[in-house]
Structures are given as C-alpha cells and as structure tokens.
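See below for the structure under consideration.
Laboratory data are not the source of any read-out in this text; all were calculated from the coordinates shown. Quick caveat: nothing in here was measured; it's all calculated off a predicted structure. Cβ: placed from backbone, ideal geometry, glycine included. Neighbour counts: every protein chain shown.
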Amino acid sequence: MRETILLTQHMRSNPEDSHLIDSYEKNNGYVTAKKTLLNSSPEKILEEIKSSNIRGRGGAGFPTGVKWGFLAEDEDRYLVINADESEPGTFKDRILLERDPHQLIEGIIITCFSANIKKAFIYIRGEYAKPARRVQQAVEQAYQKGYLGNKIFGSDMDLDIVVHLGAGAYICGEETALLNSLEGRRGEPRLKPPYFPAVKGLYMKPTLVNNVETISSVPWIIENGGEEYNKLGVEGSTGTRIFSLSGHINKPGNYEIEMGGSFGEFVETLGGGIRNSKKVKAYIPGGASAPWFRGDQLDIKMTIDDVANNNSMLGSGAVVMMDEDTNLVSAAKSIVSFFAHESCGQCTPCREGTTWIEMILDRIASGRGRTSDINLLLDVCDNISPGLSWPPKMTTICPLGPSAVSPITSLMNDFREEVERLIPTKVLL
Amino acid sequence: MSWDKTLLKQAGEIIELYPQKRSALGPLLHLAQSKDGYISDDSISVISELLGITEVQVKSVSTFYSMYKQEPTGKYLISVCKSISCEINNSTEVIDKVQEFTGLNNNETDEDGLFSFEAVECIGACGGAPAMQVNYETVEGINAENVFSLCSWLKESAPEVIVADEMQENFGGIKSFDWAIQDNTGATSTAPGFQTLKTSKVKK
C-alpha cells in the first residue's frame, strides 16, 4: 500500500515553513480561492463538491454536498469548522491545523463563497493550544493580505473568521453540543428536532458544521474538479483520507491513503507491522466509539461501507492495534472510563449507565467480579442501546452513550472467555 | 470589578468578535484562568457583568468544562493521558511516576503551588503514546524515566514559558508525526497559551 498525497502535499514538500502564508502562496496557495471568487459561481462550486462524492471526515460520513444543499436561506448564515478532535486514537486534524492552516482557510473561503456565508468560526479543542496558535497566526496573515475581511481578492465577498478555543469536553465534537458551546452555554447536545444545524444551528440560524479534514480537501477538489476526486478511492469512499494509526505498532502516525485497501495491508506496509512481531488480538477500526475487530479480521477493506457491513464504523479514521498480550478488559475499561468522564449528564441511561459499566469492569479487572456481572453488564448496556445491535439504537439524545457500549459488545461477542476467566467461580467466605 | 484595565480591554476585544455577547463566555473564562490559575468568584462576577448574564449562568458553564479549574492550580499543570492508545502503552507507569515525584493524587495541587496533577482523557497524541501535557503544551513518547527528568527540570529551572518543542527535544521520544520547524511559543499559565485577542478583524 502506498500513500496518495493531496492534503498533506504542501506540508511534506515544505516542512520548514508550511504553516506560513509566504510558503503556502509560493506553492500556488490561495490561487484556487481567488479564481473561484472572481470567475466561478456558488452553484458551480456546490456541483463540484457533489460530484466529488466526498463524505464528512468527522466520523458520521455524511455526504458533504448533500449537507451543503440543505442550508436554508437566511440573511445570517454561519460556517463552523469542527476542530474539536477528541476521539481517542485520532490525531489527524491536529497535523492539518498545525502544519497547513492556510489550506483550511482557503477551504473556508471557497465554502463560504459557495454558501454565501460571511462569518466562520473555527472551534478548536482547548488542549490543542499549539495548533490553535498556528491557525490564529494564519488567520492574521490572511487578513493582512486582504484574503479575509472586506472585498476579498477584490470581489464583492466579505468574510470574517474567528478562532474559538474549547475547554476540554469531548461531547462538543457532537455538532449541536458544539453550537451550544460556541453560544457560551454548557456543551450539551440539543434535542432533535430541529434535525439539521443547516436549518437551525448557531443562534438558531442556518449553519454548516464541517470537519477540518473535509474543508481542507475543498481547495484540491475545486482546483482539480469533483470528477477527478471521485476517481480516487472506491465508490462510496472517494478521495483520500488521513488515517491515524496507533497502539502496538512499529510506525505509528498519520497516513494519507485512498480508501479501499485492507487493514492488514495498511498495518504491514505503512505501519511497519506489529511491535516485536506479535500477533494482533483485536483492533479498533475507527476511534474509541467503534466496535472492535478481531485479529483474524484484518482482511476487511478500509472503506466506510465495508466497515459498516462488518458491524463497526470507519468513524474518525483512527486505527488502534492491540497485540496478543493486551489485557482487553483493561482496554475496554479505559474506553468506558473515557465515555463516563465525557458524558454530559443530560440523559440518565448514559450518565448512570456509563458509570455503572465502569464500576463493574473495574470489579472484574481487579479479580472481584461476580458470576452475575456479565449479565448485569449486558443489561446496563441494553438500557443505553436496546438490542445491542449495530448501528446502535439509542435511549439517549446523542450517540455518546451507545459508544460506551461498543467495547462491551465487542468483548462479549468475541472475547467472552477472557472476561469469564477473570471472574472467580467460587467465593471463599 | 477587580480586573485591571488591560484585562478589561482584552475582554472587550474578545466580546466584539461575536454576533452575540454570550459567545465570549468561554474565551473570557480562559482569560480568568490565565489571570488567577482558576475561576475565582471575583472573575465570575466580572464576567457576568460584562456579558449581562447571571453569575449562576457563568458558574454553570465554568463547571461543565474540565479545563476551567474551580480551585487554584499550581504553576505547572501536569496532565498525563490515560485513554486507550496511551493505556495500552503503559501510561499507568508514567502516572505512577508523576504521582511519586509530586506526591499528588489525581486533581490535586501541592502546598507550594508548584505542581498540579491530573490523569486526563485523550489529548490527540496517540501516535506518540504515552503522552502528556504541561500547561497544555504536549510532550510525546514519554516513559517512567524521562517523565521523572522532566518533572525535575520543571522544579529546578522553573521556566516561565512552557514550550512544547523544548520539552519534546529534551525529554520526549516517539512523536505522532514530524513536528517540523522548531517553535518557541508556549504557555505562561495554566490556561492554554493561545492569545485570544487579535483573532479576527485585524483593522485595515
């Protein structure tokens, strides 16, 4: 497997200053945006995005062109870039923010041109202080050049960008929670309906919420055409995608590839294989929310649909490898603890359930498990996500609760023995 | 109101960035954190007045997010990641070592006001697991040994600005990706080192 370099091209060829505007412009940066504003039309841009068939890179994989098409008419409309990257295992937006912020800004300009938006926000998670500084510096540089502000590139278009820092809440990656947070409220997901921020979003105005990687892909798509982008990858998963590879792997890192190869190939070639030549016991194909695959399922293809057909999700593109020596109960506990900590507390099944799962797993991991614990675990999980099926049913406003159920169903379906082994069968009094 | 003129001016510039005042609440809380090392009652009343919302509304937001501290923090906030990629790469050893060095349990600050310690959820440095942050500046590829050296260095040299690249070069190991050019910007408090002003609207 080889990398296909679109998004990471500039940062690779100019490692010493890829985040600065001079370097970006020397490599044809902002040329596409300028051409677009002076010679293109909003409808043409939307057509290109639609024909590229790009799907959102934040996790849900929603077709970007369709999302843009939903945007309701209103005098005030907003674009919000979701840079609240917090899904355990994921660090791909971090590299785009830190190493090539101008590509994102150019994507924002083109997006706002197409959607007739005059104000954009980049919501960056608070822990990404350094990436946020880089983006802020880039925004200032763009203002100084007249690429942001009034009458951009001498066109009629006005655009302001505000860089907004979050403050440590995973849940703000959920788009309606992010909007609440941006409005200066607690980051609690909104009750649906209204279903789409594109109709009622920030300040209840039509709002596009897009991931960093999605919008960073826009300049390439517009420069080369949606059809060209559509030729990359496979049907349903077009273009390139940055996968974050971590865990027990020889060469962890971000890899930009066309979707379609298998996880095994990815790990063996780009990832350099599992550390100490161990075998894979299990792996996470798309971030901590995704159900796990077993070590004997490495031939599954890395596409949104193939992973979904195998009852998991490609999610944020975070692949975490766990070798044969991994204590999977501890691994599951780590993931559940994450969701228990990050639950916003609105919905009882999630708020109480995630904490209960954490306590029961802790009991089992420390050898104090009870024989009734497995059924109890499944019962608690069933209250959060009835039927324990995939895609998950929900008793909660957002999918955070069901995400905590994923590692438990993985454990119970594929590694039940490992859990049972930890539970003492006889208790000495 | 006991925020000084400079701080109030900064606050005013932040508020101006947003279509609705209340949106500035998050950034203003970061500002308060950078001033006092926590969200003081005084800051809460200043912010409520600036934004025209009640103190309870400010407090309810400030307690929702984990980066706004409700108690004074030390000069250095050490946050070690314990999420999945770090967990399976022995982050517990790192956590144990930091606790041993500082004598602190999770979410505690020492009496000298030098260190605060917390075991945190994913900080987006999974390729460099285990990873940690000091005042939200990231160090990747740490282990029980080099984290001990890092803590000793903080204690002995007491740097005023925490710079990620400097820590990474002296104490870090494997990284999530090539960081490329050296960067000397950093954090000067337990609020993220991000200048909330001048974000937008550079005047013509």
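Below, the figures for the structure above:
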{"item": "Computed over the protein assembly as shown, Kirkwood Rh from alpha-carbon pairs, angstrom", "result": "24.8 Å"}
{"item": "Peptide-level mean, for B:86-96, of C-beta atoms on other protein chains within 10 Å", "result": "3"}
{"item": "Number of partner chain Cβ atoms within 10 Å, mean per residue of A:157-167", "result": "6"}
{"item": "Of B:175, B:21, B:97, the one that fluctuates the most in a GNM where chain B has Cα springs shorter than 10 Å", "result": "B:21"}
{"item": "Net charge of Cβ neighbours under 12 Å - reference residue A:274; Lys, Arg +1; Asp, Glu -1", "result": "+1"}
{"item": "0 to 90° range, to nearest 10: angle between helix A:373-384 axis and chain A longest Cα axis", "result": "30 degrees"}
{"item": "Chymotrypsin sites (Phe, Trp or Tyr not before Pro) restricted to DSSP loop in the stretch A:137-192 with at most 11 other C-beta within 10 Å", "result": "none"}
{"item": "Karplus-derived HN-Hα couplings along the stretch A:18-30 (A = 6.51, B = -1.76, C = 1.60, θ = phi - 60°), whole Hz, x at Gly and Pro", "result": "4, 8, 9, 5, 4, 4, 4, 6, 4, 9, 6, x, 6"}
{"item": "4 °C / 1.567 mPa s Stokes-Einstein diffusion coefficient of the stretch A:65-118, Kirkwood radius on C-alpha pairs, µm²/s", "result": "101 µm²/s"}
{"item": "Modelled label reach - residue A:44, point 7 Å along Cα→Cβ, the stretch A:150-173 residues with backbone N closer than 16 Å", "result": "A:155-157"}
{"item": "On Cα atoms only, tilt of A:328-342 relative to the major axis of chain A in degrees", "result": "50 degrees"}
{"item": "Tensor-based shape of the stretch A:9-231 (alpha-carbon gyration tensor, a/c under 1.5 rounded, otherwise prolate or oblate)", "result": "rounded"}
{"item": "Cα→Cβ-extended label distance, 7 Å offset, between residue A:311 and residue A:116, nm", "result": "4.8 nm"}
{"item": "Cα-based convex hull, the stretch A:234-323, per residue volume (Å³, whole number)", "result": "73 Å³"}
{"item": "Protection proxy ranking of A:110-117, B:146-153 - average other beta-carbon atoms within 10 Å, highest first", "result": "A:110-117, B:146-153"}
{"item": "Integer Hz, Karplus 6.51/-1.76/1.60 couplings in order for the stretch B:173-189, x for Gly and Pro", "result": "x, 4, 10, 5, 7, 5, 6, 6, 4, 5, 10, 10, 7, x, 9, 10, 7"}
{"item": "Exercise: per-residue mean of other protein chain Cβ atoms within 10 Å, B:17-25", "result": "6"}
{"item": "Net charge of Cβ neighbours under 10 Å - reference residue A:125; Lys, Arg +1; Asp, Glu -1", "result": "-3"}
{"item": "The stretch B:5-62 pair-distance distribution - Cα-Cα, 10 Å bins, rounded %", "result": "25, 62, 12"}
{"item": "Centre separation in Å (Cα based) which lies between the stretch A:209-242 and the stretch A:55-98", "result": "13 Å"}
{"item": "Contact order normalised by residue count of chain A, Cα under 8 Å, 6+ apart, percent", "result": "16 percent"}
{"item": "Fluctuation leader among A:65, A:233, A:154 - chain A, Gaussian network, Cα springs under 10 angstrom", "result": "A:154"}
{"item": "Under 5 Å, built H, 5+ apart or other chain: amide partners of residue B:120", "result": "B:80, B:81, B:82"}
{"item": "Label point distance in nm, residue B:96-residue B:5, each placed 7 Å from Cα along Cα→Cβ", "result": "5.6 nm"}
{"item": "Of A:402, A:252, A:219, the one that fluctuates the most in a GNM where chain A has Cα springs shorter than 10 Å", "result": "A:252"}
{"item": "Residue-wise HN-Hα coupling along the stretch A:144-152, computed from phi with Karplus coefficients 6.51, -1.76, 1.60 (Hz; x: Gly, Pro)", "result": "4, 7, x, 8, 10, x, 9, 6, 4"}
{"item": "Cut-off under 5 Å, modelled amide H: who pairs with residue A:262 long-range", "result": "A:302"}
{"item": "Long-range HN-HN contacts of residue B:114 with modeled amide H, under 5 Å", "result": "B:75"}
{"item": "Overall form of the stretch B:76-171 per C-alpha gyration tensor (a/c, 1.5; a/b vs b/c)", "result": "oblate"}
